[in-house]
């Protein structure tokens, strides 16, 4: 499996806990950027047209592999904030089974993070496109 997007074992609950401690959108935004900086850069050879996520304003590459029933997700973007959003999604989905991905309450997760209402409509749509791509692939394995 690829390395964890944060370089350590961190889960959605950890992301929620960190974000809950921050005051104001600017602090949350900075934290998202920091997580994006920790996201491993995808190998250039993997950044192919066929793995580009449609519906994103910036370029987002998403490579999904199911190994022994658990998803290994690699993703990258040319936009700093999107890299951070990807890291937040990977904290919820990377290393999980298709069933766990299907059952994860993503709307509640994003609500707890208090992010969506601060994103531009195009960023929000892009985030939803990333999530939809992961969920569609995971559901195809159920």
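Out of (1) part of a strand (DSSP E or B); (2) surrounded by fewer than 17 Cβ atoms within 10 Å (Cβ to Cβ); (3) in contact with a strand residue (DSSP E or B) (Cβ under 7 Å, 6 or more places away or on another chain), the odd one out for residue 71 is which?
So the condition that residue 71 fails would be (2).
Can you name the residue in the stretch 47-68 that is touching a helix residue (DSSP H, G or I) at 6+ places or on another chain (Cβ under 8 Å) and free of Cβ contacts under 8 Å to residues at least 40 places away in the same chain and is also nearest to residue 104 (Cα to Cα) among such residues?
63
State yes or no: is residue 112 in contact with a helix residue (DSSP H, G or I) (Cβ under 9 Å, 6 or more places away or on another chain), in a helix (DSSP H, G or I) and without any contact (Cβ under 8 Å) to a residue 24 or more places away in the chain?
no
Out of contact with any helix residue (DSSP H, G or I) (no Cβ under 6 Å at 6 or more places or on another chain), under 24 Å from residue 19 (Cβ atoms) and not in a loop (DSSP other than H, G, I, E, B): does that describe residue 125?
Answer is yes for this residue.
State which residue is nearest to residue 31 (Cα to Cα) when the search covers only the stretch 97-111 and only residues that are surrounded by 14 or more Cβ atoms within 10 Å (Cβ to Cβ) and modelled with pLDDT of 95 or more.
109
Does the stretch 6-65 hold any residues that are part of a loop (DSSP other than H, G, I, E, B) and more than 23 Å from residue 113 (Cβ to Cβ), and which are they?
Once the filter is applied, which keeps residues that are part of a loop (DSSP other than H, G, I, E, B) and more than 23 Å from residue 113 (Cβ to Cβ), the stretch 6-65 yields 41, 42, 43, 47, 48, 54, 59.
The values are calculated or read from the model by the stated rules, or taken from the named source; none is laboratory data. Quick caveat, the model's predicted, so the values are computed rather than measured. Don't worry about glycine lacking a Cβ; one is built from the backbone with ideal geometry, like all the others, and counts go over all protein chains shown.
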